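The values are calculated or read from the model by the stated rules, or taken from the named source; none is laboratory data. Computed from a predicted structure; not experimentally measured. Because the Cβ atoms are built from the backbone with ideal geometry, glycine has one as well, and the counts that use them run over all protein chains shown. Only protein heavy atoms, including side chains, enter the accessible area calculation; ligands, DNA and RNA are left aside. Shrake-Rupley method; radii C 1.70, N 1.55, O 1.52, S 1.80 Å.
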2 protein chains.
Amino acid sequence: MNIVVAQSGGPTCVINASMLGVFLKGKESDKIQKVYGSLNGIEGLINDNLVDLTATLSEKDVEIIRQTPATVLGSCRYKLPDSEKDSTVYETIVKNMKAHSISAFFYIGGNDSMDTVMKLSKYFKENNLDICAIGVPKTIDNDLVETDHTPGFGSAAKYVTTTMQEIIRDSSVYSIPAVTIVEIMGRDTGWLTASTSLLRVNGEKAPHLIYLPEREFSVNEFLDDIREIQKETPSVIVAVSEGVEITDEEFSGDDFRSGKVDNFGHKYIAGIGRALEEIITNKIGCKVRSIELNVMQRCSSHLASLQDIKEAEKIGGEAVKLALDGLSGKTLVFKRVSINPYKVEISSADVSKIANQVKYFPPEWINEKGNNITDDAIEYFLPLIQGELDIQRENGLPKHYIIKK
Amino acid sequence: MNIVVAQSGGPTCVINASMLGVFLKGKESDKIQKVYGSLNGIEGLINDNLVDLTATLSEKDVEIIRQTPATVLGSCRYKLPDSEKDSTVYETIVKNMKAHSISAFFYIGGNDSMDTVMKLSKYFKENNLDICAIGVPKTIDNDLVETDHTPGFGSAAKYVTTTMQEIIRDSSVYSIPAVTIVEIMGRDTGWLTASTSLLRVNGEKAPHLIYLPEREFSVNEFLDDIREIQKETPSVIVAVSEGVEITDEEFSGDDFRSGKVDNFGHKYIAGIGRALEEIITNKIGCKVRSIELNVMQRCSSHLASLQDIKEAEKIGGEAVKLALDGLSGKTLVFKRVSINPYKVEISSADVSKIANQVKYFPPEWINEKGNNITDDAIEYFLPLIQGELDIQRENGLPKHYIIKK
C-alpha cells in the first residue's frame, strides 16, 4: 500500500517533525511502498498535486526539515462540504488516491483539519472504501480537547517565554516609570499567554500582570492593577492575549478601534496591545510601549523546544501504526502519566470528539482577580519547553528545506 | 587608580560584552585597583550611585553577563548641559569621582553618549583635572561615522535576517496571493533593513523589495513594485525601515495616521508597516500582514552574533588601554583591513568627529529604482553575523544576570 501525508492550517515549528514521523515510519514499514506528500493540504489530493517523498527525501534532507519552520508541503484553509450535500470533491479525492494506490491519509492540523478527517473517514466508511483517514494534532494554541497538550505549543511557549524574558531586561534599563505590554497569540484561549508565568521558576518577577480571554476584562480594573504595581517597580510588564476584548462602554468606542471591515468581512481592529497602550498614555501618562509577537511565535524554529520536536515526530509515527492496525477516523492524543518526572503516553481518540471543540485554560489556574496565573500551571508548562535542537547553519543562518514542486 | 564604566542609550545584545571588556582589562592591569560601574549611565556618577564591580563580579557572573541582553548597569537618556552655561553637574561628577579615586570614565553608547564624552573630556582638560573620558561605541543602527561598523549591529542583523527567513517560510505556505511587510528599526538610516539582503547568499529570493529612509518613497511606485513581483510569486515579502516616510499628498492625510500628539509632543503615528498594510488592503485587496520586529531586534541575546560579542568585548578592553596611555576625548573605531578573509583592526578617533554625526547607508549599494540592495553590500554584512554563543540555560530558559543595587 501507499500512504499520503498533508499539512493544514496555521504553521507551527514542529508540523514538519510530525510529517517526518509519518514519512520515516512509512519508509520503515515493509507494508508501505510509497509515502506521498499532498501539496497545500487537502488541495493537493483534489488537484492531484502530490510529491513522492520516498523518492525525494534524503537522510540529510530529513535533518534540515526537522529545523525548518512552517509547512514544507504548504498549507490550506479548505473546508470540505458535507458529502450528503455535495460529494463531487470526495469522488475526486478517492479517484486520485486510487490512481496512486493510496489507502491511508494523514492530516496534520488543528480543529478545522480534524473536521476534514472526520468527514473523509465517514465518507470512506459509508462507501465501503478500504481507505483510512487519521488526524495528527498541531496548534500553538494548545486548545484541542482530549489531549494533555498539542505539538507546536511547547515551541511557541519556549519562544514566548524566552522573548518575554529578553523584553523584561530591555524594558528595565531606565529609572523612569514605564509600562510594556506584550500581545500574545490566542483568540479564544490564553494558554500561550499564560505560559509567560513560567519565568517565575527562575526568579523573574515579571510579567506582573497576565490577562487571558477566559476572563472578563475591565479597563478601569486594569488601570488600577498597573497603578498598584507602579508603587513597587518603575517598569511594569503586562502579558495580554490577543483575544482579550474591551467591553467597557467608556472605552470600546474609541477611535483607535477603526471598525473597518476587511475583505473577508472581519472587523478590522487595532490589536488589544496597541489599544491598551493608548489608554495608558491617556489615563496614566507614563512611557508606554506595546509589542506584538506576531507570527514569530509560530515560526521561530531556531528556538524550538526539542521536547516538542521529539513528541511531534513520535506522534506522526504512531499515526502510521494506527493505519496499519486498520483504524480510521482517529487522532492521536497525549496522556500525561507522570508529572515529576514528566512522562507522556500516546493513545488515540475518535476525531469526532476533537473536531470543532475548544479546550480553555483551566479557571482554577487563574488567580481570583483574573490578572495572573497560579503556580500550579508552572509544572504543567515547564517540561514542554525543555531542550534545543543543534541547529545546522550556513553562512551564520539556519538551513531551511524547500521542496521542489 | 580606579576607573568607572557606564552604559547609555538604547540597549543592544553586546553592550554588556563591552562593559566586560572594560572590567576584565581593568582587573588585569596592575595600575588599576577598582573598576566601578555607574548605575543608569552618567546619572550614577551624578547621584554617587556606583557599584564596585571588582568586588561584585565572579568568573561565573562574567559568563552570564556575556549572554544577558540590555544594560546590566542600567541606562539613561541624560544630556549634559554646556559647561560654560552651567557647570554645577560637572562639579558634582568630579567631586564624586575624586571621592572614589576614579581617574578614568568609560561611556558605552551611541551618538548622544559620545556628546557626553566630548563635553566631559573638554571640561576635565580645561580644568586641568587628571581624569580622562573615553567613548566605547554601540548601536544597532550602525550609523556612527569613522568606524566600519558598530558593536551591536551584527547581533541585530543576525536576529533580523534569521527572523526574516523564518517569516518568509511562514508567509509562503498558502497558494493565495499575499503580501507580508516587515518593519525594521532605523529612523534615519537603513543599515539594519538593508541587512536582510544577506539572505540571498543562501539562495533566498525574498525579501523581494527593500526600502530605506535614505531614498524617497512613493506609494504609487511601491504599489507598482508589488504588482510586478506578484506576477512571479503569490507571496511577496517587503522589508521597510521604520524611518521611511509617506510624503505622497494622496496618502499622507489618511486616517491610519492619527496625527495625535503624545505627552512628549511627538506626533503619534501608526508605523510605516501598518500604514502600507492598509494601503495595500485598499488598493490591491489581497491578503496582507505587517510585522514590527520591535525591541526584539536589540535584545534577542539568545541569537547574538559571536563575532559581535567578541569585537564588543575587545573594543572595551582597548578603551582601557587608551586611558592607561593617558588619552582622553577619544573613542574606538573598527577599520576593515581585509575583506576576504574578514579582518578588522581597532584604532581610536577623536570623539568630536563622531558625536552628533550620522553615517548613512551608501547610495551605491541601493539599486537604481530604490527598492532593493545590490550584491556588493552582502560581503560587507556577512562576516558581522557569524557564530553563536553556547547559551547557558536554566529550566530551558537562558540565564540572565541582574545586578544587586
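Listed values, structure above:
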| quantity | calculated |
| --- | --- |
| Condition check for B:Asp141: touching a residue at least 24 places away in the same chain (Cβ under 8 Å) and either at the interface with chain A (Cβ under 8 Å from one of its Cβ atoms) or under 10 Å from the mean Cα position of the chain (by Cα) (or both) | yes |
| Residue list for region B:60-82, restricted to those being among the small types (Gly, Ala, Ser) and out of contact with any Pro (no Cβ under 6 Å at 6 or more places or on another chain) | B:Gly74, B:Ser75 |
| Candidate set from region A:348-374 (those that are under 20 Å from the mean Cα position of the chain (by Cα) and in a strand (DSSP E or B)); member that is surrounded by the most Cβ atoms within 10 Å (Cβ to Cβ) | A:Ser348 |
| Residue in region A:307-316 that is open to solvent by 30 Å² or more (accessible area, probe 1.4 Å) and over 21 Å from A:Phe23 (Cα atoms) present | no |
| Unmet criterion (only one of (1) surrounded by 24 or more Cβ atoms within 10 Å (Cβ to Cβ); (2) part of a loop (DSSP other than H, G, I, E, B)) for A:Val182 | (2) |
| In region B:309-347, the residues that are under 30 Å from B:Tyr211 (Cα atoms), under 18 Å from the mean Cα position of the chain (by Cα) and hydrophobic (A, V, I, L, M, F, W, C) | B:Ile309, B:Ala312, B:Val333, B:Phe334 |
| Hits in region B:280-291 - residues which are buried (at least 19 other Cβ atoms within 10 Å of the Cβ) and touching a helix residue (DSSP H, G or I) at 6+ places or on another chain (Cβ under 6 Å) | B:Val288, B:Ser290 |
| Residues of region B:9-57 satisfying the condition of being of a type in the set (Gly, Ala, Ser), assigned to a loop (DSSP other than H, G, I, E, B) and more than 22 Å from A:Glu166 (Cβ to Cβ) | B:Ser29 |
| Residue among A:Val240, A:Val333 that alone is at pLDDT 95 or above, out of contact with any Lys or Arg (no Cβ under 9 Å at 6 or more places or on another chain) and under 18 Å from A:Glu221 (Cα atoms) | A:Val240 |
| Among residues of region B:9-56, those that are of a type outside the set (A, V, I, L, M, F, W, C), modelled with pLDDT of 95 or more and open to solvent by less than 30 Å² (accessible area, probe 1.4 Å), counted | 12 |
| B:Lys404 vs. criteria over 30 Å from B:Lys122 (Cβ atoms), within 14 Å of chain A (Cβ to nearest Cβ) and touching a strand residue (DSSP E or B) at 6+ places or on another chain (Cβ under 7 Å) | no |
| Lone qualifier among B:Ala312, B:Ala377 - being more than 30 Å from B:Glu63 (Cα to Cα) and either within 13 Å of chain A (Cβ to nearest Cβ) or part of a helix (DSSP H, G or I) (or both) | B:Ala377 |
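Conditions (1) in contact (Cβ under 8 Å) with a residue 12 or more places away in the chain; (2) more than 12 Å from chain A (Cβ to nearest Cβ); (3) among the β-branched types (Val, Ile, Thr), marked per residue:
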{"position": "B:Glu146", "(1), (2), (3)": "yes, yes, no"}
{"position": "B:His149", "(1), (2), (3)": "yes, yes, no"}
{"position": "B:Ser171", "(1), (2), (3)": "yes, no, no"}
{"position": "B:Ile181", "(1), (2), (3)": "yes, no, yes"}
{"position": "B:Met185", "(1), (2), (3)": "yes, yes, no"}
{"position": "B:Ala194", "(1), (2), (3)": "yes, yes, no"}
{"position": "B:Ser197", "(1), (2), (3)": "yes, yes, no"}
